[in-house]
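Novice: Sharing a structure with you now.
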Amino acid sequence: MHVLPSLEVGGMEKVVVNLSNGLDRQRYQVAICCIERGGALQRELSPPGLPVYVMNKPEGVDYFLPFRLSRLFNRLNVDIVHTHSMGVFPYGCLAATFSRTPVYVHSEHGSFNLKTVRRRLAFQYGMRRTDRVLTVSETVKHQLLGVIDIPEKKITPIMNGVDTRRCAPDDAASAALRAALDIPDGAPVIGAIGRLVTAKNYPTLLHVVAQLTRRHPQLVCLMVGDGPERARLHAQADALKLSGHVRWLGERHDVAELLNLMQVYLLPSYSEGMSIALLEAMVAGRPIVVSDITANREVIRHGQTGWLVPPADIEQWAGAVARLLTDRVMAQQLGRAAQATAQQFFSIPRMCRSFEALYEQLLEEKRGRVDPRGYRNQAVSVAR
């Protein structure tokens, strides 16, 4: 049973959908529980009838939610509870304890903020009673060790996976999409994909676009995603006189097609766990410029599969993008190398097999320490 806030569009949510779809159905039954609400990604679940339970948690602390979750786990005879994100952790941890679920694991997908000593101690207590804490990168693992005192051996990084099957771009479809987005023929296109939040550092990106338009007057930047910083970013773009150069596309379900339009993909974040959008851009063979932060260094090799640039250095960002827009041979070499790296290391099957091995290891460790009648053989369950 995967437990997360919702199935709205986001990197963590995509990982849960990919993992749910990719587990071996001969050995596992899968269900998902959203403690707040469902979301658009439900339609990407395969099969479409995969069970999704929505708890409709209200804002603030819900003291009854652990008991409601516990009843759900018992009703479904859940063998493994797998929670995602700090906001879900305390509810899932308590519910797994109350229901005596054989295995409980928790995943952290990105940066987190444990603001008070009391909150850190509470999470530390809970994580010491978790069978395994999973992170999407070594970066997140060390961030976690820096704030919570738990044994390092209890934390296992498993890198994200994305669909690495790459279809050849459809020139006719790309031309139609360019027209729909009002992009002039021959105009260079760059872009970014992600939620409009502070950590993504999009104000720097807008300053970079402003500089690039002096050299490329027709340049268009595609901003794919939505979030709480939308109004502020729109106001900044207006102040920089970028209204004709930026397309605010909101949440989209044609990301692969949009990536085909981008001649350079940008990720200027101050912090990341492991960006799903970055991996998708690699699969698409896009030339990539990303911020020089530890999480991105785990994915991109500077000068080989992309360029790493200090997050706040507008001049370096503008120079890197301008060079890739003009030196198409270099751009293509970087894109091909990035694509090969993604196919080798960041596939969904590779991610799913890693999780399956971990689940089986933890169930085996519990064997003999649970009900001698065996595991409860429901979602998620291991076939015997």
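The values are calculated or read from the model by the stated rules, or taken from the named source; none is laboratory data. Quantities reported herein were computed from a predicted structural model and do not represent experimental measurements. Quick reminder, even Gly has a Cβ in these numbers, built from the backbone with ideal geometry, and neighbours come from all protein chains shown. Note: accessible area is taken over every heavy atom of the protein model, side chains too, but ligands, DNA and RNA are not part of it. Shrake-Rupley method; radii C 1.70, N 1.55, O 1.52, S 1.80 Å.
Novice: Can you tell me which residue is farthest from residue 161 (Cα to Cα) among those in segment 110-141 that are at pLDDT below 90, open to solvent by less than 70 Å² (accessible area, probe 1.4 Å) and outside any loop (DSSP other than H, G, I, E, B)?
Specialist: 122
Novice: Which pairs do you get when a residue that is in a helix (DSSP H, G or I), found in segment 142-163, comes within reach of a residue that is open to solvent by 30 Å² or more (accessible area, probe 1.4 Å) and among the hydrophobic types (A, V, I, L, M, F, W, C), reach meaning Cβ atoms under 7 angstrom, with the pair 6+ apart or on two chains?
Specialist: Close Cβ pairs satisfying both conditions: 152/145.
Novice: Let me ask another. Can you name every residue in segment 327-362 that is farther than 15 Å from residue 303 by Cα and of a type in the set (S, T, N, Q)?
Specialist: Within segment 327-362, 343, 344, 347, 354, 361 qualify.
Novice: Condition (residue is polar (S, T, N, Q) and out of contact with any strand residue (DSSP E or B) (no Cβ under 9 Å at 6 or more places or on another chain)) applied to segment 283-304: is it met by at least one residue? Spell out the reasoning first.
Specialist: Just the residues of segment 283-304 that are polar (S, T, N, Q), to begin with: 291, 294, 296, 304.
From what is left, the residues that are out of contact with any strand residue (DSSP E or B) (no Cβ under 9 Å at 6 or more places or on another chain) are 294, 304.
Yes: segment 283-304 contains one or more residues that are polar (S, T, N, Q) and out of contact with any strand residue (DSSP E or B) (no Cβ under 9 Å at 6 or more places or on another chain).
Novice: Taking the conditions exactly as written (aliphatic (A, V, I, L, M), at pLDDT below 90 and open to solvent by less than 40 Å² (accessible area, probe 1.4 Å)), does residue 155 satisfy them or not? Walk me through it before giving the result.
Specialist: Values: aliphatic (A, V, I, L, M): yes; at pLDDT below 90: no; open to solvent by less than 40 Å² (accessible area, probe 1.4 Å): yes.
Criteria not met by residue 155.
Per-residue answers, yes or no, for (1) at pLDDT 95 or above; (2) touching a helix residue (DSSP H, G or I) at 6+ places or on another chain (Cβ under 8 Å); (3) farther than 21 Å from residue 341 by Cα:
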{"residue": "267", "(1), (2), (3)": "yes, yes, no"}
{"residue": "271", "(1), (2), (3)": "no, yes, yes"}
{"residue": "274", "(1), (2), (3)": "no, yes, no"}
{"residue": "278", "(1), (2), (3)": "yes, yes, no"}
{"residue": "287", "(1), (2), (3)": "yes, yes, no"}
{"residue": "294", "(1), (2), (3)": "no, yes, no"}
{"residue": "306", "(1), (2), (3)": "yes, yes, no"}
{"residue": "313", "(1), (2), (3)": "yes, no, yes"}
{"residue": "319", "(1), (2), (3)": "yes, no, yes"}
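Novice: Next question. For segment 7-107, which fully contained helices (runs of 4 or more DSSP H) count at least 2 residues that are more than 16 Å from the chain's Cα centre (by Cα) and surrounded by fewer than 20 Cβ atoms within 10 Å (Cβ to Cβ)?
Specialist: In segment 7-107, 65-75, 89-99 are the helices (runs of 4 or more DSSP H) which contain 2 or more residues that are more than 16 Å from the chain's Cα centre (by Cα) and surrounded by fewer than 20 Cβ atoms within 10 Å (Cβ to Cβ).
Novice: Right, something else. Those residues that are among the aliphatic types (A, V, I, L, M) and out of contact with any Gly (no Cβ under 8 Å at 6 or more places or on another chain), I need them from segment 285-301; list them, please.
Specialist: The first filter runs over segment 285-301 and keeps only residues among the aliphatic types (A, V, I, L, M), leaving 288-290, 293, 295, 299-300.
Selection gives 293, 299.
Here is a yes/no grid of residues against (1) surrounded by fewer than 16 Cβ atoms within 10 Å (Cβ to Cβ); (2) under 10 Å from residue 196 (Cβ atoms); (3) among the small types (Gly, Ala, Ser):
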residue	(1), (2), (3)
218	yes, no, no
229	no, yes, no
234	no, yes, no
241	yes, no, no
247	no, no, no
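Novice: Could you give every pair whose Cβ atoms fall below 7 Å, whose first residue belongs to segment 224-252 and is aliphatic (A, V, I, L, M), and whose second residue is assigned to a loop (DSSP other than H, G, I, E, B), counting only separations of at least 6 or pairs across chains?
Specialist: 224/252; 233/196; 237/243
Novice: Quick test of your reading of the structure: residue 187 fulfils all but one of (1) assigned to a loop (DSSP other than H, G, I, E, B); (2) over 24 Å from residue 330 (Cα atoms); (3) touching a strand residue (DSSP E or B) at 6+ places or on another chain (Cβ under 7 Å). Name the failing condition by number.
Specialist: The single condition residue 187 does not satisfy is (2).
Novice: So, one more: Test residue 211 against the criterion of being under 17 Å from residue 324 (Cβ atoms) and open to solvent by 80 Å² or more (accessible area, probe 1.4 Å), and give yes or no. Can you show your working first?
Specialist: On the way: under 17 Å from residue 324 (Cβ atoms): yes; open to solvent by 80 Å² or more (accessible area, probe 1.4 Å): no.
So residue 211 does not fit the description; no.
Novice: Return the residues of segment 31-58 that are touching a Pro at 6+ places or on another chain (Cβ under 8 Å) and of a type in the set (Val, Ile, Thr); say none if nothing qualifies.
Specialist: Hits for segment 31-58 are 32, 35.
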